[in-house]
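The structure is given below, and queries will be raised subsequently.
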Amino acid sequence: MGESVYFYIHIPYCYKKCPYCSFVSYEKKLSTVSDYFKALQNEISSFETDKTVETIYFGGGTPSLVNVEQIDKIINLIYKKFKVIKLPEITIETNPVDAKYKFLKSIKSIGINRISLGVQSFIDRKLRTLGRIHNAKISSESIKNALNVGFDNISVDLIYGLKETPSEIEYEINSANQFDIRHISTYMLSVEKKTAFYEMVKNGKIEISKEDEVADAYIYIAELLKNRGFEHYEISNFAKKDFESRHNNAYWLGYDYRGFGVSASSFVNGERFSNTDAIEDYIKLIKNKKSTIKHRENLSNLKSMKESFVLLMRLAKGVDINLFNKKYKTDVERVYKDELEHFIKLGFIKKENGKISLNGEQSMVVSNSILSDFV
Amino acid sequence: MDTKHIRNFSIIAHIDHGKSTIADRIIENTGGLSKREMKEQVLDSLDVERKHGITVKAQTVRIEYTHNNEKYYLNMIDTPGHVDFGYEVSRSLSACEGCLLVVDATQGVEAQTIANAYLAIEHNLEIIPVINKIDLPSADIEKTKHEIEDAIGIDTSSALKVSAKQNIGIDTILEAIVKRIPYPKGNDTARLKALVVDSWYDNYRGVVFAVRIFEGSLKRGDKIKIMSNGKVFEVEELGVYTPKQKIIEKLDVGSVGYVIANVKNIKDALIGDTITLENNPSEEAFEGFKKPKPFVYAGIYPTDTDKYEDLKEALGKLQLNDASLTIEPEKSDSLGFGFRCGFLGVLSMNITKERIEDEFNLDVVATSPSVVYRIEKTNSEVIDIYNPSLLPEPQKISGIYEPFVIVEIITPSEFVGNILRLLQDKRGNQKNMTYISQDRVLIKYSIPLSEVITDFYDKLKSLSKGYASFDYNFEGFKKSDLTKLVVMINSKEVDSFSMIVPKEKAYRMARDVLKTLKKYIPKQLFEVRLQAKINGKIIAKEQIGALRKDVLAKCYGGDITRKRKLLEKQKKGKKRMKQIGSVAVSKEAFIKLIEANNS
């Protein structure tokens, strides 16, 4: 797939920073929006490639809070400057409070064909604890609206790890599944240092699930979704047939992707690089026609082979031995002889039909302990 | 110089009573070094100490001192200051005619003061009591004098009162050395008889050794013979430290200096050995020479099993400078190939381990230290074992003997109760208890060495709020009621966790050991069962549940680098673990086990 490239556009603005969020986003810098979009356009314009753009993904932050015209300009620029495939996947992450009929209509009109709703939960208790600005009713309505506007590729984010009972988990899944959605991403709440949540948990203001409870929830969610026709295609992603996220798959499959905007990461021609984390720096650097790249990394063949193995293993279908050996001119079963023997014996990795993969949810939920032997 | 103008002395003191400050003042006041040089000298030696740990012991220093218009050479022979080095102290003292017994006037007599003073008495030395730190407000000179008289039994009417820090009374010390310490006897023309008082390995010159000439004299080019093994070497260089190194042509009878003679192995110039001339040898060697004998043994293994050869090389290099370090290759079922090493004491063990890690950059695991056990078998064969896992089957044993030591503890009387309880718990037998002053007590116990080598000192310090001091001496092997405690991980015996324990404590120790292991074995992908048994009977159990969750859910905007780095970090963490079968054990487990053992 050397001819394709996948675009990510980072929109670092939020109404209100979620107390558990450790990503780069700003709630009080809306005054910089127009400068930021100018900078984004500059960065996009100065990128040269003859590869075909497969997907465009607007992520954040909260991309839905900026003016649709700004998004439109970016899409137009991309169409003008690059070859774009006939049916690209163009996704925007949307806060449920923004998912009103009018907004959805206009983003559909500018060519966005996939919507990722940051629903997180259908339970008010959880939404409050998470500090979200929407309630359960808005969660449901946002999906309804998107369907009404005619989106047929809707993804919903769900979060868990807040002491849910099994029936609460079932309620979350059923609440999402009552609608004709095609994709669900489920995330364990992870409490990162330097977030407000970290302090709250430490001070006992919030109770989060214990290791065993989270693991049980993970396995239970997968069971419920699989019973409802979703395929568990990646550690934290579920999709109906043919609705896997093309964009996210590019990360795992090792395709070229280019991230634009503050803190965005790219992987182009075997090189990984990422932009500065500070929005002011980003804008200033672009203005001064300087590079925004803060980290750059060229991997040796061996390292990129190992990295690729670990990334592919996140997918349920795992590593296709023949394809992998051909791509990296290697013998993967020899390179990882001891590791594979060890984990196959323990039942955490399986090898069937020429593929090596994690052996089901029991194994996915401890994947770090397994995959860290392969990097 | 004739022997009438030579004095040989040591300074003995409890740790921190001011021995090195007094030594520095003596050098400074006699002009051996200027103030500026003094500072450099001190810094230098600190650097060396830091770099070489305990093996570089302060050298012998020759001081020039003029008294009543006559020039004297005062040879100061330093003694190591840790309880593990009793033998070295005794050799240093036997090279002297007298010593300064330094006692801190704010602390009084401590355990090491007594142990060292007894050694000095044994060697018939003239003892000059020196009461130091008299400038401090809490100094109690009279009480200190009483303690010296009561605990050691020497007259203190002519004790010197000094403050090394304030440079008060240093001149009285120098004068007393000349007036009170006898000059060395000996005949310059007799057959050479010199005592090795110290030796160390120099990377450029090979082994350097300090000697005291008792009979005859030694000059450059002489062929010397090491009396313990008959080996012959040619003297390349002779000299003294003033403390600057000064090369001289000849060492006369009664004097002290260093010798370089192309000796490559430190075992050819052991402390306490006798040196004579090849062509005109002395008839007999000095009494009391002992090859250094390790008291404490532990297995040292590379964490990464591929590093065995590197570890071997590192230990070999350390052995150059540490005559007491013994190394035997051994294989453990759980840890692979490594070495059973013998050390003078736990201090030497820890220093050796640190040096391997710091100087040779090798990650190692040390098993719980153990003593030598003497096993009497039913077929009346007697064997010594250095590794608890090698204890024969119980039905083949008719008796197990373990080394005992005599510990001497001095403590303020209010802590006596605590300390006696500790000593009882450590299977001690009281030998003696006396008040050395109104509120300070000298306690003598016979206790198994195995009880001393772990946390005894720490416990003693905490039970006495830091006031108790202690010293110990080897007593001999005694029969004890011991058994082997075997630890199993997932039903497999782990030989490196085996330990020999007193039967009366076996249950408690088994529980402690498993609790410790549980704490330091991270959750694995499968359940881990820990068991402890004695004589085939399980006496304690613990269980470590399987790891349930370890996953990176979100990968935002393709930040693969961060993800990979997290996994790489995790991998690195795993590498620092020791793999025992399929179970990864944190290296801390081995260290903490040492603490749990004997607690």
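The values are calculated or read from the model by the stated rules, or taken from the named source; none is laboratory data. What you see is a predicted model, and the numbers here were worked out from it, not measured in a lab. Positions of Cβ are generated from backbone atoms using ideal geometry, with glycine treated the same way; all protein chains shown enter the neighbour counts. What goes into the accessible areas is simple: the full protein's heavy atoms, side chains included, and nothing from ligands, DNA or RNA. Shrake-Rupley method; radii C 1.70, N 1.55, O 1.52, S 1.80 Å.
Give me a comma-separated list of calculated 3J(HN,Hα) values for region B:188-201, in order, Karplus coefficients 6.51, -1.76, 1.60 applied at θ = phi - 60°, integers in Hz, x for any Gly or Pro.
Karplus values, whole Hz, x for Gly and Pro: 4, 9, 5, 5, 4, 9, 10, 9, 7, 9, 6, 7, 8, 9.
How big, in percent, is the set of alpha carbon pairs in the protein assembly as shown lying more than 38 Å apart? Mind showing how you got there, number by number?
Details: 289338 of 473851 pairs.
In whole percent, the long-distance tail amounts to 61.
If you look at just the Cα atoms of region A:32-106, how large are its Rg and its Dmax in Å?
Using the Cα atoms of region A:32-106, the pair Rg, Dmax is 13.1, 38 Å.
Give me the one-decimal Kirkwood hydrodynamic radius in Å for region A:259-335, with the sum taken over alpha-carbon pairs. Write out the running numbers ahead of the final one.
Values: mean 1/r = 0.0688 Å⁻¹.
Evaluated over region A:259-335, this radius sits at 14.5 Å.
Binning every alpha carbon pair distance of region A:119-187 at 5 Å from zero, what are the percents per bin?
For region A:119-187, the pair-distance distribution reads 4, 17, 31, 26, 15, 6, 1, 0.
For region B:338-405, report the convex hull volume of the alpha-carbon atoms normalised per residue, in Å³, without decimals. Walk me through the numbers on the way to the answer.
On the way: hull volume 6.5 nm³, N = 68.
Measuring per residue, one finds 95 Å³ for the Cα hull of region B:338-405.
Further, regarding this structure: Check A:TYR13: other-chain or 5+ apart residues with amide H under 5 Å from its amide H, H built from backbone geometry?
HN-HN under 5 Å from A:TYR13: A:TYR26, A:THR62.
Further, regarding this structure: Cα convex hull of region B:373-480: mean projected area in nm², to one decimal?
Seen from a random direction, the Cα hull of region B:373-480 projects 7.2 nm² on average.
Another one. Under a 5 Å amide H to amide H cut-off, with H placed in plane at 1.01 Å, what residues pair with B:SER498 once short-range neighbours are removed?
Those qualifying (amide H under 5 Å, at least 5 residues apart or on another chain) are B:VAL487.
Compute and list, largest first, the equivalent-ellipsoid semi-axes of region A:94-142 from the alpha carbon gyration tensor, each √(5λ) rounded to a whole angstrom.
On the way: eigenvalues 110, 17, 11 Å².
Gyration-tensor ellipsoid for region A:94-142: 23, 9, 7 Å.
Counting other Cβ atoms within 10 Å, which GluC sites (Glu not before Pro) in region A:191-234 have at most 14 and lie in a DSSP loop? Don't skip to the end; give the middle numbers.
Working: sites: A:GLU192, A:GLU199, A:GLU207, A:GLU211, A:GLU213, A:GLU223, A:GLU231, A:GLU234; in loops: A:GLU192, A:GLU207.
The qualifying sites are A:GLU192, A:GLU207.
Between B:VAL405 and residues 5 or more places away or on another chain, which pairs have amide H atoms under 5 Å apart, with H built 1.01 Å from N, and which residues are they?
Amide H neighbours of B:VAL405, under 5 Å, 5+ apart: B:ILE447, B:LEU449, B:GLU475.
Another one. Write down Rg/Rh for chain B, rounded to two decimals, with Rg from the C-alpha atoms and Rh from the Kirkwood relation over Cα pairs.
On the way: Rg = 27.1 Å, Rh = 26.6 Å.
With Rg and the Kirkwood Rh in hand, the quotient comes to 1.02.
Please report, for the Cα atoms of region A:74-169, the Rg to one decimal and the Dmax as a whole number; what are they, in angstrom?
For region A:74-169, the Cα-based Rg and Dmax read 15.7, 51 Å.
Next up: More than 22 angstrom separation, counting every C-alpha pair in region B:166-303; what % is that? Walk me through the intermediate numbers first.
Numbers: 4210 of 9453 pairs.
It works out to 45 percent of all Cα pairs.
In whole percent, what relative contact order does region B:339-417 give with Cα contacts below 8 Å and a gap of six or more residues? It would help to have the intermediate numbers written out before the result.
Working: 64 pairs, mean separation 18.1, N = 79.
Result for region B:339-417 is 23 percent.
How much accessible area is lost when chains B and A come together, counting both sides, with a 1.4 Å probe, in Å² rounded to the nearest 100?
Details: alone 27780 and 18210 Å², together 42660 Å².
Its buried surface, counting both partners, is about 3300 Å².
Residue by residue, what Karplus-based ³J(HN,Hα) values in Hz, rounded to whole numbers, does region B:254-269 have, using 6.51, -1.76 and 1.60 with θ = phi - 60° and x for Gly and Pro?
So the J values, rounded to whole Hz, are x, 9, 10, x, 10, 10, 10, 9, 6, 8, 9, 10, 4, 6, 8, 9.
Taking all protein chains in place and a 1.4 Å probe, what share, in percent, of the accessible surface of the protein assembly as shown do carbon and sulfur account for?
Details: 20440 of 42660 Å².
Using a 1.4 Å probe with all protein chains present, the protein assembly as shown comes out at 48 percent carbon and sulfur.
Next question, about the same structure. Label A:LYS345 and B:GLN579 with points 7 Å out from Cα along Cα→Cβ: what is the distance between them in nm?
Between A:LYS345 and B:GLN579, the label points sit 1.0 nm apart.
A further question follows. Extent of region A:4-252 along each principal axis, from alpha carbon coordinates, in Å, largest to smallest?
51, 40, 34
Which whole-Hz couplings ³J(HN,Hα) result when phi for each residue of region B:404-413 is put into the Karplus expression 6.51 cos²θ - 1.76 cosθ + 1.60, θ = phi - 60°, listed in order with x for Gly and Pro?
After applying 6.51 cos²θ - 1.76 cosθ + 1.60, I find 10, 10, 9, 9, 10, 10, 10, 8, x, 4 Hz.
Go ahead and run the numbers for FRET between B:SER158 and B:GLU381, Cβ-Cβ distance against an R0 of 51 Å, rounding to 0.05. List each step's numbers first, then the result.
On the way: r = 58 Å, r/R0 = 1.13.
It comes out at approximately 0.30.
Additional query: Separation between the B:GLU64 and B:ASP458 pseudo-spin-labels, each 7 Å from Cα along Cα→Cβ, expressed in nm?
With each label point 7 Å from Cα toward Cβ, the separation is 5.1 nm.
Oh, and also: Just A:GLN70, A:GLN178, A:GLN41 to compare: in a GNM of chain A, with alpha carbon springs under 10 Å, which one fluctuates most?
Evaluated over chain A, the most mobile residue of the options is A:GLN178.
Compute the distribution of all C-alpha to C-alpha distances in region A:301-374, in bins of 5 Å from 0, and list the percent of pairs in each, rounded to whole numbers.
Calculated P(r), rounded to whole percents: 3, 17, 32, 30, 14, 4, 0.
Going through region B:188-229, which chymotrypsin sites (Phe, Trp or Tyr not before Pro) have at most 14 other Cβ atoms within 10 Å and a DSSP loop state? List each step's numbers first, then the result.
Details: sites: B:TRP200, B:TYR201, B:TYR204, B:PHE209, B:PHE214; in loops: B:TYR204.
Those that pass, being in a loop and sparsely packed, are B:TYR204.
Would you mind giving the average projected area, over all directions, of the Cα convex hull of region B:483-598 in nm² with one decimal? Walk me through the numbers before you get to the answer.
Values: hull surface 30.6 nm².
The directionally averaged projection comes out at 7.7 nm².
Please give the solvent-accessible surface of A:THR292 in Å², to the nearest 10, using a probe radius of 1.4 Å with every protein chain present.
A:THR292 has an accessible surface of roughly 10 Å² with all protein chains in place.
Are there residues in region A:357-371 whose accessible area shrinks by at least 50 Å² when all protein chains are included rather than the chain by itself, and which are they (probe 1.4 Å, ligands and nucleic acids not counted)?
Listed in order, they are A:VAL366, A:ASN368, A:SER369.
Mind scanning A:LYS329/B:LYS572; A:LYS306/A:LYS326; A:LYS29/A:LYS284; B:LYS219/B:LYS246; B:LYS267/B:LYS293 and naming the pairs with a C-alpha gap bigger than 19 Å?
A:LYS329/B:LYS572
How would region A:280-322 be classified by its alpha-carbon gyration tensor: rounded, prolate or oblate, with rounded meaning a/c under 1.5 and the a/b versus b/c comparison settling the rest? Don't jump to the answer; show the numbers that get you there.
Details: a/c = 5.28, a/b = 2.74, b/c = 1.93.
It comes out prolate by the Cα gyration axes.
Now a separate question. When the label point is put 7 Å from the Cα of B:ASN429 along its Cα-to-beta-carbon vector, which residues of region B:440-465 have a backbone N closer than 11 Å?
Within reach of a label on B:ASN429, which here means backbone N under 11 Å from a point 7 Å along Cα→Cβ, region B:440-465 contributes B:446-448.
Normalised by the empirical 2.2 N^0.38 Å for globular proteins, what value does the Cα Rg of region B:209-276 take? Numbers along the way, then the final one.
Numbers: Rg = 11.2 Å, N = 68, 2.2 N^0.38 = 10.9 Å.
Relative to the rule-of-thumb radius for its length, region B:209-276 sits at 1.02.
Summing Lys, Arg as +1 and Asp, Glu as -1, what charge do residues with Cβ under 9 Å from the Cβ of A:GLY254 carry, A:GLY254 excluded? Walk me through the numbers before you get to the answer.
On the way: positive: A:LYS327; negative: A:ASP256, A:GLU307.
Computed value for this residue: -1.
At a probe radius of 1.4 Å, what is the per-residue accessible area of B:ASP481, in Å² to the nearest 10?
For B:ASP481, solvent-accessible area is about 100 Å².
Take region B:296-368, drop everything but the C-alpha atoms, weight them equally and run the Debye formula without solvent; then report log10 I(q)/I(0) at 0.16 Å⁻¹ to two decimals.
Results for region B:296-368 at q = 0.16 Å⁻¹ read -0.46.
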